[in-house]
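Undergrad: One structure, as structure tokens, below. Some questions next.
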Amino acid sequence: MADSQTLKDWEVRQSKTFARWVSMYLAKKGFEDQCKEGEEFGSSWLDGILLMKLMNALYDVPMPKKFKKDCKTRVQRLDNVTQALKMLKAAEVKTNFLGPTNLLDGDFRMLAGMVWAIILDFNIKNISVEDMNAKQGLLMWCRKKTKGYKGVDGNINNFKGDWVNGNAFLALVDRHTTNLVDYDGQYDTSKEEKLDSAFTSCEQLGISRLLEVEDMEVPDDKAVMTYVSELFKLFSKEDIKENAAQHIAGFLKFQRRIDGLAGDYEDRFREFQQWVEGKCAEFANAEAPQDQVGVGECMESFKAYLMEEKPAKMADVVDIQDLYSNIQGELKVNGRCAYSPPDDLDPHKLVELSTMLQQAENEYTENLRNVKLGFIEKLETEGISEERMQEFERSFDAFDHDKSGHLDKDEFKAALSAVGIALSDGEDLDRVFSELSTEGYVTREAYMSYLEQFFSTSDDADSIMKSLQTLGDPDNMTEDMLQQPPLTQEDIDYLMSKKENDSLAAFIAQAFAE
């Protein structure tokens, strides 16, 4: 117990964070038990009941059917402790040399080590206490999320001194929330004020106050890492939503571009069509000149039309045809269905209009020639994230410690954490690793392919529907569900305008229909 050990100040401070972390997860499960803080930390575990409840709260390991709720002897406590350690083993949490007597005697340092092992295992599954992957993965995530913030700008290399001034905590909260903190407005306030603001905001988000401002005077790296791992678990969920929203925003940006190009095509087509029909009517309804002077004036006017007016209009035909080809090319390259203009605006109609105009011109000039010939006879008788892909490459290299060109399960998990993919559930990690690995390792090619598909912003109906499902129910989508950056209000209004009977399924399917 604490009174049999000489504890250092940092150990007491660290135990406070560990105790609050334990109490936070017990409360989430509905247990009213509290882990004692400070020098009494070790006495919380004497009868094994707190450990039983913690294993049940974190890993859903069933509580024993029979255990002593009010132990009066060491033998009774030993029975409880033995069952608690079996639950710890069932949860597959790796601890070093932890035995029943450590709990029975309230061994402060061994029990602190046990809780640290549980924190690492639960927050970053399958990474052991001694493995630095957990630490480096979190640091890489913190650097990425604080990049661009003055006073931090991604320069986070430890869980001690780099957090003392409060900027790193405040930047993480500001990066993932709206109007909860004001980073720029609070930048010149004291470090105590910034730390308190960040911790208070995290409490509002559901993270208990695992650290106090005074704890950051001489910070304990494990305590800070525990707190930051909770931020990672909370905010990485928002990262996934942001990626989904980015995916949808990319889809909508392309769709709006195609809509704009199609609208431009149709407007320019109709403008040309109206011009042709107007010229044909003008030629057909032109009054015959009354004399040779009139014929000459008509010919000069027609020559001016051929040299000044018509060339620009026929150049428009080339542009309109090119615009149509560009639309179809972009759609094909991006796997979309072909653009089908209204029947009267089919590009083949441009050739028909040009032919119709040519015929009208021919008839007009033929009439002029006939009129002129009549006067002559009369006279004769009278006269289409390298940067993002580079980021994926760097995350692989960062955790391929032996430069073997492949990752084991722990390295794979840590690398995913570095790019914001949190597979905290053991079955999820095992499933993904099993699907990608060969002989127990994931190759660079398999890793890059998985990330490209995951973050992929790929344009097909299923992919877009999955991203919509991340934000809400596509069959009952509301504007509130779509309020996720980087989607703009323009994006939301456009998407909502495409709903049919409250569903977006038809709009998505039509965009990719063969």
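A short reminder: the numbers here are calculations on the coordinates, not readings from a lab. Just so you know, these numbers come straight off a predicted model, no measurement behind them. We place every Cβ from the backbone using ideal geometry, glycine too, and count neighbours over all the protein chains shown.
Undergrad: Cβ under 10 Å from F507's Cβ, F507 left aside: what net charge do those residues give with Lys, Arg +1 and Asp, Glu -1?
TA: +1
Undergrad: Please give the net charge around D182, taking every other residue with its beta carbon less than 15 angstrom from that of D182, where Lys and Arg add +1 and Asp and Glu add -1.
TA: -2
Undergrad: Which entries of K16/K94; K147/K233; K28/K89; K36/K150 have Cα-Cα distances beyond 30 Å here?
TA: K36/K150
Undergrad: Ok, one more. Rank-order 111-120, 337-346 by packing density, defined as the average count of other C-beta atoms within 10 Å over each peptide's residues, highest first.
TA: Listed from highest to lowest mean packing, they are 111-120, 337-346.
Undergrad: Assign one of three labels to segment 133-234, namely rounded, prolate or oblate, based on the Cα gyration tensor with a ≥ b ≥ c the square roots of its eigenvalues; rounded applies when a/c is under 1.5, prolate when it is not and a/b is larger than b/c, and oblate otherwise.
TA: In terms of gyration-tensor shape, rounded.
Undergrad: Per the helix-only calculation at 222 nm, which mean residue ellipticity applies to the chain, given -39500 (n - 2.57) for every DSSP H run of n ≥ 4 and division by its residues, nearest 500 deg cm²/dmol?
TA: -20500 deg cm²/dmol
Undergrad: If you average the C-alpha positions of segment 308-358 and of segment 218-279 separately, how far apart do those two centres end up, in angstrom?
TA: Each part reduced to its Cα centre gives a spacing of 29 Å.
Undergrad: Return the label of the correct value of log10 I(q)/I(0) by the Debye sum over Cα atoms at q = 0.06, 0.10, 0.13 Å⁻¹, as calculated from the structure shown, out of (i) -0.31, -0.89, -1.48; (ii) -0.48, -0.92, -1.27; (iii) -0.30, -0.82, -1.25.
TA: (ii)
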